[in-house]
Amino acid sequence: MSFLELDKQFVANTYARFPVEIVSGKGSLMYSPEGKEYIDMGSGIGVTAFGISDDEWVKAVTEQLGKVQHTSNLYYTEPCARLAQIICERTGMKKVFFGNSGAEANECAIKVARKYAADKKGADYSVIVTLKNSFHGRTLTTLAATGQDKFHELFTPLTPGFAYATANDLESVKEAVANNKVCAIMIECVQGEGGVIALDKDFILGVKEICEKEDILLVVDEVQTGNGRTGSLYAYMNYGIKPDVFTTAKGLGGGLPIGCCVMNEKTEGVLGFGDHGSTFGGNPVCAAGAVSVMQRLDEKFLEEVKAKSKFVFDELRGAKGVESVSGLGLMIGIKTVRPAKEIISECIENGVLCLSAKDKVRLLPALNIPMEVLAKAVKIIKDACAK
Ligand SMILES: *Cc1c(COP(=O)(O)O)cnc(C)c1O
């Protein structure tokens, strides 16, 4: 049996996988067992920030693997401490809690928000306002945070204590704050799964103002937008605001599972001994991969991300069969005239792997994708849209 058939028989049916088998890769290229080459424009949903089997990243990870692969959080290890230092020094935040995924990072942020308000205002200030069309994860609490009914229906009762406002509508946020005992407002600066939609600057500044006025925490979910994806180290930096808490995961480890919840001077002391934990959180191998990723995301590199982004936007905007292009940096949504599904299938046939988000084609290439590879992929995508 091929592993595609084995997978169909033995792996839970939760993913509508594309008929693509991958056995190896290098950088932004991936290969099937028969040697078919694909340009990877999805980077494992924004995870392999420096592509597949990047030499520098492999070296960092394997060196750590040869030293110690896990200790639990009962002891100190260097990669975890160094990673927290890098994240704090580059953002001005104060403390980091490590978990293993985006959803777990958001679970931590939700705990921080509830405990912050419980300590200051009372335990009844437990409601978190999130936005309609958001995505915050698949655990029962982060599903509740996710402002999309279709994710809620099958799994009720979800964790209570969430209220939903409309993105880019400040009045609806004010209303949600007035009608509930609110501890935090949680937003994605660019809604990823919701269709790669960058929020308006005025809206985000308005949300920040409400948070300050009411002593409500601003939590920014940077799980997809973080770690250089938008051309800034974190997406909130494009908007000139500072969150009280932010979360990130996906691209942080460069392909290994790691997520974190990052707290500022207001929230760093909220969690004390025993308030939260994770067996694998801050695992030295994952953290070593993340240190290697973070060290390479310098200003010069981020400028290159912005230049590549401009190239893609310039090529696609106004192209035949393209209705609109949205997003920020190398997080790009393409509204196509033909159904996105058809475009994605045709791109697969022609050796380009794209993602979708709602009714759009979504691109999240590796941040270091070589310009000539990017240009080749964009041409194939444009040709598919033009048909
Ligand atoms: C992917 C994603 C999550 C969930 O991350 P997992 O690692 O799958 O748990 C949460 N928030 C946002 C914005 C995401 O894009």
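The values are calculated or read from the model by the stated rules, or taken from the named source; none is laboratory data. Source: prediction; values computed, not measured. As a convention, Cβ positions derive from the backbone with ideal geometry for all residues, glycine included, and neighbour counts pool all protein chains shown. SASA here: full protein model, heavy atoms, side chains in, ligands and nucleic acids out. Shrake-Rupley method; radii C 1.70, N 1.55, O 1.52, S 1.80 Å.
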Correct semi-axes for segment 229-361, from √(5λ) of the alpha-carbon gyration tensor and rounded to whole Å with the largest first, are 34, 18, 15
For segment 150-271, the fraction of alpha-carbon pairs in successive 5 Å shells from zero, as %
2, 10, 19, 22, 21, 16, 8, 2, 0
Could you sort 136, 152, 276 by accessible area so the largest value comes first, with the probe set to 1.4 Å?
276, 152, 136
What angle do you read, to the nearest 10 degrees and between 0 and 90, between the alpha-carbon axis of helix 299-316 and the longest principal axis of the chain?
60
Counting only protein heavy atoms and a 1.4 Å probe, tell me what percentage of the chain's accessible area is made up of carbon and sulfur.
55
To test your reading of the geometry: what angle, between 0 and 90 degrees and rounded to tens, separates the Cα axis of helix 55-65 from the longest principal axis of the chain?
50
Segment 7-159: C-alpha gyration tensor shape, a/c 1.5 cut-off, then a/b vs b/c
oblate
Assuming a ≥ b ≥ c are the square roots of the Cα gyration tensor eigenvalues, decide whether segment 94-202 counts as rounded (a/c under 1.5), prolate (otherwise, with a/b larger than b/c) or oblate.
rounded
Would you calculate the convex hull of the Cα atoms in segment 194-249 and tell me its volume per residue in Å³?
81
Just reorder 14, 62 by solvent-accessible area, largest first, 1.4 Å probe, all chains present.
14, 62
Taking the Kirkwood radius as the inverse of the mean 1/r across Cα pairs, report the Rg/Rh of segment 43-119.
1.02
In Å and on Cα atoms, what radius of gyration and Dmax does segment 285-329 show?
15.2, 46
In Å², and per residue, what accessible area does segment 137-281 have when probed at 1.4 Å with the other protein chains present?
39
Quick check: the angle from helix 102-120's long axis to the longest principal axis of the chain, C-alpha only, nearest 10 degrees?
10
Semi-axes of the chain's equivalent ellipsoid from the Cα gyration tensor, sqrt of 5 times each eigenvalue, largest first, rounded to whole Å?
33, 26, 20
Leading residue at positive end of dipole, the chain (Cβ point charges), from 12, 69, 280
12
Here the relative contact order (percent) of the chain, from C-alpha pairs under 8 Å and at least 6 apart, is 23
Would you kindly find the accessible area of residue 8, with a 1.4 Å probe and non-protein molecules such as ligands, DNA and RNA excluded, rounding to the nearest 10 Å²?
140
The chain - share of DSSP beta bridges that are antiparallel (%, nearest 5):
65
Go through the cysteines of the chain and tell me which have no other cysteine Cβ under 4.7 Å away.
80, 88, 183, 189, 211, 260, 286, 347, 354, 385
Show me the three semi-axes of the equivalent ellipsoid for segment 82-146, from the C-alpha gyration tensor (sqrt of 5 times each eigenvalue), largest first, rounded to whole Å.
23, 18, 10
For segment 17-83 the chymotrypsin sites (Phe, Trp or Tyr not before Pro) that pass both the DSSP coil test and the at-most-16 other-Cβ-within-10 Å test are 75, 76
Could you name the lysines whose alpha carbon sits less than 20 Å from that of residue 310, not counting residues in the same chain fewer than 8 places away?
201, 300, 320, 335, 360, 376, 379, 382
Rolling a 1.4 angstrom probe over the protein chains, ignoring ligands and nucleic acids, what is the accessible area of residue 382 in square angstrom, nearest 10?
60
Non-local Lys pairs in segment 62-178, i.e. 8 or more apart or on different chains, that have alpha carbons under 20 Å apart:
11
